[in-house]
Amino acid sequence: MGRTQGKNTETISMVAMEQEFKINQKKAMTGRIVFHIGPGKTGTTYLQNNIFNKLSRINNIGRPIHNTKRYRNFQDAILRDEEPFFLEKGYEFRNEVIQSRQNYPVTLVSDENLFSKTPISANIRRLKDLFPEAEIIITVRNQLTAIQSFYLSGGYFLKGVPCADDFNRKRQISFNEYFDFSAKYLGKSYWTRYKYKNVLKTLEHYFSKNSIHILIFEEMTKQPDLFSKSLSTILDVPSDEILMLMQKSTKLNARQSAVSMKYKKLRTLIPIKSISRSLPGSRFIIQHIEKLISKSTKGASYAYSDKQIEKVSEIFRDDNRYLIDEYGINVEQFGYPT
């Protein structure tokens, strides 16, 4: 009897939450909710810290000011919770967003990690369930430079080995090793985030095409005037304000130097978890080396072979053609493989 009564109480609670949400939703129709989902290495950190977090008419509640219990619960709801429980865990954040929409024309949540778990269709469907009226921004980048950037930001570490094997988990692999593995096991690679056709068609399945917006990384880095106008149109903020913030800001997540990469490779060849703890007096030497490395300005770079360029084109050309044919975005001018 008690168990049945508990189930009924839980059902009533969920129904009440649904009814409360519908009431709040009607109140909040004056404001828009926009999610910027990356992917990573397309200028997301730059936008989050230098632009989104400083726009006067935008309520930015994603990165970099996202470290609250309520937001972490929302991340769990999108990425980790079992199917019966994600709605309940996401309601608190959803109601917070709904309340904020009454005071701001646009509430923005920028977080590329919301779609870090595959298949992304599950993440997108949950977002649709929680925010059926949401708009989505994705940023695209030439896959040839995105792949290199991802390698230099951590892709050079060996992954997929047992966690207990601390030494091998930090072994640096070459760019060619990283490339071959990612191309062979595409489904396990971050490269899937740059399969724009797959991402867009999945978004289109759950959201209207009019609610999907695309920004171009190369416009951000090479044509800031044009980029500021594109972002202005999406967020309904003055393009002059965006351009001023871009001109005042500095690049984030700068490419690692060639010296830094060489040092990391040398360090991973030494089978000691912590040199400073194992060798007395070595902390000063390590700090001195790191100081010298920080002064190095020549960025690390890795040239593609003709065979690798052809492989990238084979994997991504359909995705880039989709941007051209379905969204009218001329990515060929930026050298995207087509």
| query | Fewest to most neighbouring Cβ within 10 Å: what's the order for R32, R70, R57, R193? | reply | R57, R70, R32, R193
| field | Positive minus negative residues near R32 (Lys, Arg vs Asp, Glu; Cβ under 12 Å) | value | -1
| note | The summed charge of the S305 Cβ neighbourhood (under 15 Å; Lys/Arg +1, Asp/Glu -1) stands at -3
| Column: log10 I(q)/I(0), Debye, Cα scatterers of region 64-137, q = 0.24 Å⁻¹ | -1.28
| said: How charged is the neighbourhood of A146? Take every other residue with its Cβ under 9 Å from the Cβ of A146, and add Lys/Arg as +1 and Asp/Glu as -1. | reply: +3
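With a 10 Å Cβ neighbour count serving as the proxy for reagent exposure, in which order, fewest first, do D76, D325, D319 appear?
Listed from fewest to most nearby Cβ atoms, that is D325, D76, D319.
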| field | Pairwise centroid distance, computed over Cα atoms, of region 307-338 with region 205-234, Å | value | 17 Å
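So between T221 and E133, what do we pick up on full extension, going 0.36 nm a residue minus the alpha carbon distance?
Difference between extended and current length: 28.6 nm.
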| remark: Under the 7 Å Cα-to-Cβ spin-label approximation, N210 and E96 lie apart by a distance in nanometres of 3.1 nm
| field | Filter on K184/K307; K54/K229; K117/K201; K69/K195 - keep pairs with C-alpha separation over 25 Å | value | K69/K195
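Each reported figure results from applying straightforward, stated rules to the coordinates on display, with no laboratory input. Worth saying up front: this structure is predicted, and the values here are computed from it rather than measured. Backbone-built Cβ (ideal geometry, glycine too); neighbour counts: all protein chains shown.
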